Structure formats: C-alpha cells, structure tokens
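Colleague: Here it is, the structure in full.
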Amino acid sequence: MAAARRTQPLSDRIPPHPRVLFVGINPGMRSAAVNHHYAGHSNRFWRVLHDAGLTPVPLAADDDARMMEWGYGLTNLIARPTPGIDTLSAAEYADGLAILRRKVRRVQPRVVAFIGITLFRYVAGVRPGTPVEAGLQAERFEGAQVFALPNPSGRNAHHSYDDMVRLFGTLAAFVRQWPRVDPAHDGADAVS
C-alpha cells in the first residue's frame, strides 16, 4: 500500500485567498507516501516557520492542514514525487508553471513564497547560477507579491539554519504589517 501511495500526487493545502502560498518544486517520496508537505526527516521547514515567527506554535508535517488557520497555503510546481529534482523534465516544469499560474489566479494569494532559489530562478526566468538575493522580489507572480526563500531541505548546504530563520523572518515581518482582518482576503488572521 505504501508503495502505491508514493506515486500519488501530494494534496494541496490552500485556504480561500491565502495570505501566503508556499510553493515547493515537487514533493519528496516521504511527503507523497504520508500525504503531508515537507515530511522528509531532514527537512527543517516546520521548525524554520516557527523559529522565524510565521506560526505561533511549533508544527510538524502531520499538522500541514493547520497552516490554513493562519491564511497560509501549500502547493508544488510539479505534482510528481521524486527522491530529488534531477529526474524532473523540462516538460514537467513547463506544465507545472502553467498549472501554478492558473492556481494562483484562482486563489489570489497576497504573496507567493517560492521555497528554493532554484525554483525562483526557473519561475522568474533567471539563468541558472545567476545570483539571486533571497527575500522580497520586485517581480510579481500573477498579481501576487513574491518572496524567494531558501529550500529548508537538509540537502541545502547553501544556507545555514540561522540564515534560513532570518530570511523566513523577513516574510513574517512582511505579513505582520497587514491588518488582522482583511475582508478582501477571507479575514484570515495575520501572524501574531
């Protein structure tokens, strides 16, 4: 049964009009097997969110649906789970981008936070290897403001944990500036 689940796409967790839509490249095998985002044993996503001030309580992958309580959504550019991104094809990236654009137009998040500088480079059309400053970007994505954030996978040796907390903290500070109730965005509470 677990082997069969590994080939299934990971379910999105997206509230109406999210404050922030977190977008990964694609789910890992463990995430797909358990149907929870960022479930890899070495992934620091959940710890980083709390330490950066994006969630008022610590969460784990099993709690991913709780992200909607704070107006956050979770999705991926490509639905197919893989052990790494090396086997993803150019066609999967192109198809995934078209799907993501439609999804963002439909749910209208305030911010799209691309989890991974490699992912942001692809979406923004930035040549691989070109330096990208993480954080708030000048570009918009289907009307939403854009953050480029480091991938919190344990495989990411480019950013220290403290650096990740600082960079995700810039998103938390950005979110805090919004009123606690915003009728245009479904009244989701901002980070306290």
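The values are calculated or read from the model by the stated rules, or taken from the named source; none is laboratory data. If you're wondering where the values come from, they're calculated on a predicted model, not measured in any experiment. Positions of Cβ are backbone-derived with ideal geometry, glycine not excepted, and every protein chain shown enters the neighbour counts.
Colleague: Is it the case that some residue within segment 94-101 is assigned to a helix (DSSP H, G or I), of a type in the set (Asp, Glu) and either touching a residue at least 60 places away in the same chain (Cβ under 8 Å) or over 11 Å from residue 24 (Cα atoms) (or both)? Reasoning before the result, please.
Modeller: In the first step, residues of segment 94-101 are kept if they are assigned to a helix (DSSP H, G or I); the result is 94-101.
Okay, now just the ones that are also of a type in the set (Asp, Glu), so 95.
Still in the list and also either touching a residue at least 60 places away in the same chain (Cβ under 8 Å) or over 11 Å from residue 24 (Cα atoms) (or both): 95.
Among the residues of segment 94-101, at least one is assigned to a helix (DSSP H, G or I), of a type in the set (Asp, Glu) and either touching a residue at least 60 places away in the same chain (Cβ under 8 Å) or over 11 Å from residue 24 (Cα atoms) (or both), which makes the answer yes.
Colleague: Regarding residue 37, is this residue part of a loop (DSSP other than H, G, I, E, B), touching a strand residue (DSSP E or B) at 6+ places or on another chain (Cβ under 6 Å) and buried (at least 17 other Cβ atoms within 10 Å of the Cβ)? If you could, list the steps in order and put the result at the bottom.
Modeller: Details: part of a loop (DSSP other than H, G, I, E, B): yes; touching a strand residue (DSSP E or B) at 6+ places or on another chain (Cβ under 6 Å): yes; buried (at least 17 other Cβ atoms within 10 Å of the Cβ): yes.
Yes, satisfied.
Colleague: Turning to a different aspect of this structure: Inside segment 105-121, can you point out the residues that are touching a strand residue (DSSP E or B) at 6+ places or on another chain (Cβ under 9 Å) and not hydrophobic (A, V, I, L, M, F, W, C)? Let's see the steps before the verdict.
Modeller: Of the residues in segment 105-121, the ones touching a strand residue (DSSP E or B) at 6+ places or on another chain (Cβ under 9 Å) are 107-117, 119-121.
Within segment 105-121, 108, 109, 110, 116, 121 qualify.
Colleague: Now a separate question. Kindly indicate which of 104, 112, 126 is among the β-branched types (Val, Ile, Thr) and part of a loop (DSSP other than H, G, I, E, B).
Modeller: Of the residues listed, the single one that is among the β-branched types (Val, Ile, Thr) and part of a loop (DSSP other than H, G, I, E, B) is 126.
Colleague: Hey, another quick one. Of everything in segment 129-139 that's in a loop (DSSP other than H, G, I, E, B) and touching a strand residue (DSSP E or B) at 6+ places or on another chain (Cβ under 7 Å), which residue is surrounded by the fewest Cβ atoms within 10 Å (Cβ to Cβ)?
Modeller: Once the filter is applied, the top-ranked residue is 132.
Colleague: If I filter segment 86-108 for residues that are at pLDDT below 95 and aromatic (Phe, Trp, Tyr), do I get at least one hit?
Modeller: yes
Colleague: Is it the case that residue 139 is under 22 Å from residue 171 (Cβ atoms) and modelled with pLDDT under 95?
Modeller: Values: under 22 Å from residue 171 (Cβ atoms): yes; modelled with pLDDT under 95: yes.
Taking the combined requirement at face value, the residue satisfies it.
Colleague: Among residues belonging to segment 169-185 that are among the β-branched types (Val, Ile, Thr) and modelled with pLDDT of 80 or more, point out the one that is nearest to residue 47 (Cα to Cα).
Modeller: 170
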